[in-house]
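Here the structure is laid out as structure tokens; the discussion comes afterwards.
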Amino acid sequence: MRIVESEASSPGSVSFPCDRRGPDMASRQNHRAGRQEANQTGPRSGPGDDPHDGGEDAAASPMPTLNWDCSVSPAAPARPDDGAACAPLFSVIVNNYNYLRYLPVAIASIQGQTFRDFELIVVDDGSDDGSIEYLESIRTGLTLIRTNRLNQARACLAGIAHARGRYVYILDADDFAAPDLLETVARRLAEAPAKVQFRLVPVGDDGAPFAPAYPDIDGRDDETTQREQIRRYGMPASPPTSGNIFRRDLFAVIDDVDYEAAIDGVTLLYAPFAGRVVSLSRPLAFYRVHEHSTSAHAKPLDPDRIGRDRRRFESRLAHLNALLGEHHPGVAPAPAAAVFFFHWDHLTLEQVARGLAVGPAVALNYGWRLLREHGLGRFTAKKLAWLAIAMLAPRGIKDRALAIRRNPWPRRARRVLVPGADVITPERT
């Protein structure tokens, strides 16, 4: 065991030997040769790519039944850490804060991967629930980095500073991965994409699925499509943190995130401008929805949370435009946040949550942006129905509609997260 001092880490990081079990040396050398060829090829994009090509993942396959053994296998004797000789293809970073009840499952899901060319880094951001003692008891097969309440984004960036893999997978400690996640993604890295994204299966506190996998993505959701979505809607069709694997160099460009705690904000926006985006229709990880979560679904009626969501949307786009201006000067910037329907939609949500009236100026901007971005259809009809409720309905009906809007999960999860909400229709944005 060796101690590594980290500027972003307090009191420091503890590094355990990297786990090099798995493919024999010949297959590993062949794999590294393929990676070198991918480096020479580089990312590509353009009209010549087939956006409908889903590759091996064009047809979604059912998720396996998983019975996790939450013990962590000891690592085989490690080779000397001599830089490139031990550098893995993937760096998996598990970010944890007081999630001891879920952490063993997350770690076991990574230690049980069928593809072994990875390193496991766990960043603990000041837990006081026994997480540190649990992680220190493992001692082999992972690097432990301790930070002191930095928030998710900065804690993850501290982990990335220690990462050596070419690709980074950030797994929230309350989520867990399918056994062949890394193996499936590794098959799609020949062209060095900036990002690979995949669907997530929503599970409850007990780990049992309660809803279909989401978001609705497939091989057509490439970098060209995502750039168009960002310019039209302000965001691409993309899963949250645990549904993305990024090329590590993206984080060096993004640098710091000082306006929000999420690591997957501007990173999702910048990826389609930095290279190829590969979207897999097959679900490869499990997204846990529970009352202790920091996601918006856990506190759907909090007006301050809704307001922060709107403001961080604005800050993300400003950050994206700064990155485009610095690294891609020939690319036109994305429009200002206030021109997007998302901005006006969240403004109505925030006003209802605060008990304020939605006035005609907000309503006109809401309707205009909605029709401009989405045209006529079922989505627009549902949003206009919400606007009518927000403007005209009694307070009790407004609050109930707001609860439904803010928790797009089936009834089983709503009983925990939104007591009293009975009817809901999942929305696509």
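Key figures
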read-out: Condition met for A194 (closer than 26 Å to A332 by Cβ, modelled with pLDDT of 90 or more and in contact with a Lys or Arg (Cβ under 6 Å, 6 or more places away or on another chain)); value: yes
read-out: Of all residues in the range 169-188 being touching a helix residue (DSSP H, G or I) at 6+ places or on another chain (Cβ under 6 Å) and assigned to a loop (DSSP other than H, G, I, E, B), the one that is surrounded by the most Cβ atoms within 10 Å (Cβ to Cβ); value: A173
read-out: The one condition in (1) closer than 20 Å to D205 by Cβ; (2) touching an Asp or Glu at 6+ places or on another chain (Cβ under 9 Å); (3) not in a helix (DSSP H, G or I) that A106 fails to fulfil; value: (3)
read-out: Qualifying positions in the range 378-404 - under 15 Å from F342 (Cα atoms) and of a type in the set (A, V, I, L, M, F, W, C); value: F379, L384, W386, L387
read-out: Residue check, I230 under 18 Å from the mean Cα position of the chain (by Cα) and in contact (Cβ under 8 Å) with a residue 40 or more places away in the chain; value: yes
read-out: Subset of the range 112-124 (residues that are under 14 Å from L171 (Cα atoms) and either without any contact (Cβ under 8 Å) to a residue 60 or more places away in the chain or assigned to a loop (DSSP other than H, G, I, E, B) (or both)); value: Q113, I121, V122, V123, D124
read-out: Filtered residues of the range 92-110 (kept if buried (at least 24 other Cβ atoms within 10 Å of the Cβ) and among the polar types (S, T, N, Q)); value: N95, N96
read-out: Subset of the range 128-147 (residues that are among the hydroxyl-bearing types (S, T, Y), assigned to a helix (DSSP H, G or I) and surrounded by 15 or more Cβ atoms within 10 Å (Cβ to Cβ)); value: S131, Y134
read-out: Of all residues making up the range 209-230, the number that are surrounded by 16 or more Cβ atoms within 10 Å (Cβ to Cβ) and in a helix (DSSP H, G or I); value: 7
read-out: Some residue of the range 341-355 being crowded, with 19+ Cβ neighbours inside 10 Å, β-branched (V, I, T) and either within 29 Å of the chain's Cα centre (by Cα) or closer than 17 Å to R406 by Cα (or both); value: yes
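The values are calculated or read from the model by the stated rules, or taken from the named source; none is laboratory data. Every value quoted in this text rests on a predicted model; they were computed, and no experiment measured them. Here the Cβ is made from the backbone with ideal geometry for all residues, glycine too, and neighbour counts use every protein chain on show.
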